[in-house]
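Here's the structure, in structure tokens; my notes come after.
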Amino acid sequence: MKLKYRILTGDNFHPYDENEVDDDGAYPTQEEAIVAAKMIVDKSLRWERKQSRNPADPDELYDRYTDFGDSQVISPGTEPHFSAWDHAKTRCVEICREDME
């Protein structure tokens, strides 16, 4: 089976540094690549939440993520387009609530 979709991960602190980009694997379908990319974003959000002064604040978490978190690009592009930042924005509220339930 040919692996068609590759995930490349860079950190938002070094957005234009090619030396800071990791290859996070290849996947046979767009759907599998998107699921894997979302898992990487979620892991990064949980890490940033631990580093946060106010771990219950989704806005602070999103700000930390866009400054320091891991951001993925799927190559070739997906349709619809996958945005790590859009996924992070929607997940921040849910992740901040995890320990409160």
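Observations, loosely collected:
- From its DSSP helices (H runs of at least four residues, each -39,500 (n - 2.57)), the chain gives a residue-normalised ellipticity at 222 nm of -15500 deg cm²/dmol.
- Point-to-point label distance, ARG97-GLU32, nm (Cα→Cβ direction, 7 Å offset): 3.2 nm
- Local net charge near LEU45, Cβ-Cβ under 11 Å (Lys/Arg +1, Asp/Glu -1): +3
- Sequence-ordered 3J(HN,Hα) estimates for the range 23-31 from the Karplus curve with 6.51, -1.76 and 1.60 and θ = phi - 60° stand at 8, 9, x, 10, 9, x, 10, 4, 4 Hz, glycine and proline given as x.
- Gained length - ASP22 relative to ASN54, 0.36 nm times residue gap less alpha-carbon distance: 8.6 nm
- Highest mobility in the GNM of the chain, judged by mean-square fluctuation with C-alpha springs under 10 Å and restricted to ASP86, ASP57, ASP70, is found for ASP86.
- Taking the Cα centre of the chain as reference, the dipole from Cβ charges on Lys and Arg (+1) and Asp and Glu (-1) amounts to some 260 debye.
- Volume per residue for the chain equals 100 cubic angstrom (convex hull of Cα atoms).
- Under the criterion of Cα pairs below 8 Å and six or more residues apart, the relative contact order for the chain equals 34 percent.
- If you count Lys pairs in the chain whose Cα atoms are under 19 Å apart, skipping same-chain pairs closer than 8 places in sequence, the total is 5.
- Highest-MSF residue in the chain out of GLN30, GLN51, GLN72 [GNM, Cα springs under 10 Å]: GLN51
- In Å², nearest 10: area of GLU20 left accessible to a 1.4 Å probe: 70 Å²
- Largest accessible area first, the listed residues HIS81, HIS87 line up as HIS81, HIS87 when surface is computed with a 1.4 Å probe on the assembled protein chains.
- Largest-first ordering by accessible area, 1.4 Å probe, given options TRP47, TRP85: TRP47, TRP85
- Relative to its residue count, the range 31-89 spans a Cα convex hull of 69 Å³ per residue.
- Among TRP47, GLY69, ILE34 - extreme Cα towards positive end, dipole of the chain, charges at beta-carbon: ILE34
- The range 36-101: trypsin sites (Lys or Arg not before Pro) in DSSP loop, at most 12 other beta carbons within 10 Å: ARG53
- Accessible surface of LEU8, taken over heavy atoms with a 1.4 Å probe and every protein chain present, rounds to 60 Å².
The values are calculated or read from the model by the stated rules, or taken from the named source; none is laboratory data. Note that the coordinates shown come from a computational prediction; the quantities given were computed from them, not determined experimentally. Positions of Cβ are generated from backbone atoms using ideal geometry, with glycine treated the same way; all protein chains shown enter the neighbour counts. The accessibility values were calculated without ligands, DNA or RNA, using every heavy atom of the protein model including side chains. Shrake-Rupley method; radii C 1.70, N 1.55, O 1.52, S 1.80 Å.
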